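Reading through the structure tokens given below for one structure.
The values are calculated or read from the model by the stated rules, or taken from the named source; none is laboratory data. Predicted model only: the values in this text are computed from it and were never measured. Please note: Cβ atoms are built from the backbone with ideal geometry, for glycine as well, and neighbour counts cover all protein chains shown. For the accessible areas, the whole protein counts, side chains as well, though only heavy atoms, and no ligand, DNA or RNA atoms are used. Shrake-Rupley method; radii C 1.70, N 1.55, O 1.52, S 1.80 Å.
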Protein chains: 2
Amino acid sequence: MAWQFDPDRPIYKQLRERILLKIVSGAYGAGAQLPTVRDLAEEAAVNPNTLQKALSELERDGLVHAQRTSGRFVTGDKALIKQAKNDLAKEQIDLFLKKMAAIGYNRQDAVVLIQTIEEAKPK
Amino acid sequence: MAWQFDPDRPIYKQLRERILLKIVSGAYGAGAQLPTVRDLAEEAAVNPNTLQKALSELERDGLVHAQRTSGRFVTGDKALIKQAKNDLAKEQIDLFLKKMAAIGYNRQDAVVLIQTIEEAKPK
DNA sequence: CCTATTGTGTTATTCACTTAATACAATAAC
DNA sequence: GTTATTGTATTAAGTGAATAACACAATAGG
């Protein structure tokens, strides 16, 4: 059940993003314990070092913190998580609108298309 | 005026995308001549080999074609360009909705946010 | 015919990412 | 106090992207 990665972006960035998404979406709740580096690495079918690198970044952002032998935990600061969620959403929207503009669709067009287009079929 | 690149994705992929966007948006019209590899490379402040790689992919897709000593030209097939534009838009929308879903927003939420959020300020 | 221009191919080097295989550090649990 | 568990650090090797510096191929234009 190895995770899927985009071969065109560093894996550790994608790992960071996936874990971040789990945090902001609530899949990993505030204060919850994360699986160990080794477990996560095995689940993702990735080298532990790579996962370590991803987690370091989240740690730098204050979203997770490590306790030497107990494991890693999501921050208990719900406001911080909410903030991260808002930032993430805004960033995605900006990127999306910029790209749609480059294609030739303004904001209105984009909204119409989103509502028109079919859901991508799950493979 | 070197172009800006995301350090986390191969430059040649980004070059391909930028040129593709210029084609589907009409900045490079159907049948129009592209700048030479060397000129484009200088403009982007990138190695000509890297640009070559990007253009090869567009060529493979039939969107541009090279004429040995005259230069490179955008395809005259407007239907193909339109098709590429639609595909690109659909792909962007799918990716966007997927990521928003991962953050915790469904399609309706996404639309509301798009209409709510301020335009990103040009830096 | 010559020559400049354009696309294309080759080789070498540098660098970041990733994996692998460990070793070390700290502490909770016993 | 010992031990197992967890995070952290180190070193080496392999891979692909990007750059650099060319050489070669084809042909439009004089």
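Just to be sure before I move on: is B:Leu97 within 16 Å of DNA strand D (Cβ to nearest atom) and open to solvent by less than 50 Å² (accessible area, probe 1.4 Å) in the structure I sent?
Working: within 16 Å of DNA strand D (Cβ to nearest atom): no; open to solvent by less than 50 Å² (accessible area, probe 1.4 Å): yes.
Spelling it out, it is not the case that B:Leu97 is within 16 Å of DNA strand D (Cβ to nearest atom) and open to solvent by less than 50 Å² (accessible area, probe 1.4 Å).
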Practice prompt. Output the qualifying pairs, or none if there are none: Cβ atoms under 9 angstrom, residues six or more apart or on different chains, first residue in region B:29-52 and in contact (Cβ under 8 Å) with a residue 24 or more places away in the chain and open to solvent by 80 Å² or more (accessible area, probe 1.4 Å), second residue in a loop (DSSP other than H, G, I, E, B) and not aromatic (Phe, Trp, Tyr).
Written response: B:Gln33/B:Ser70; B:Glu43/B:Met1; B:Glu43/B:Ala2; B:Glu43/B:Pro35
Worksheet item: Which one of the conditions (1) more than 13 Å from DNA strand D (Cβ to nearest atom); (2) out of contact with any Leu (no Cβ under 9 Å at 6 or more places or on another chain) does A:Asn49 fail to meet, given that it meets all the rest?
Response: (1)
Item to complete: Please state which of the following conditions A:Ala102 fails to meet, knowing it meets all the rest: (1) surrounded by 15 or more Cβ atoms within 10 Å (Cβ to Cβ); (2) touching a residue at least 12 places away in the same chain (Cβ under 8 Å).
Response: (2)
Practice prompt. Have a look at A:Ala89, A:Ala79, A:Ala84, A:Ala110 and point out the one that is among the small types (Gly, Ala, Ser), part of a helix (DSSP H, G or I), crowded, with 19+ Cβ neighbours inside 10 Å and more than 9 Å from chain B (Cβ to nearest Cβ).
Written response: A:Ala84
Item to complete: Provide a single number: the residues in region A:1-37 that are over 14 Å from the mean Cα position of the chain (by Cα) and within 16 Å of DNA strand D (Cβ to nearest atom).
Response: 9
Worksheet item: If you go through region A:7-18 one residue at a time, how many are closer than 18 Å to A:Glu43 by Cβ and not in a helix (DSSP H, G or I)?
Response: 0
Practice prompt. Could you tell me which residue of region B:71-112 is nearest to A:Leu88 (Cα to Cα), considering only residues that are touching a strand residue (DSSP E or B) at 6+ places or on another chain (Cβ under 8 Å) and not hydrophobic (A, V, I, L, M, F, W, C)?
Written response: B:Thr75
Discussion item. I'm trying to understand the selection: among the residues of region B:29-62, which are within 13 Å of DNA strand C (Cβ to nearest atom) and within 14 Å of chain A (Cβ to nearest Cβ)?
Written reply: B:Lys53, B:Ala54, B:Glu57
Fill in: Positions within region B:6-28 being without any contact (Cβ under 8 Å) to a residue 24 or more places away in the chain and more than 18 Å from A:Ile103 (Cα to Cα), in sequence order
B:Asp6, B:Pro7, B:Asp8, B:Arg9, B:Pro10
Response to the item:
If you go through A:Lys82, A:Lys78, the only one that is within 14 Å of the chain's Cα centre (by Cα), more than 13 Å from DNA strand D (Cβ to nearest atom) and modelled with pLDDT of 95 or more is A:Lys82
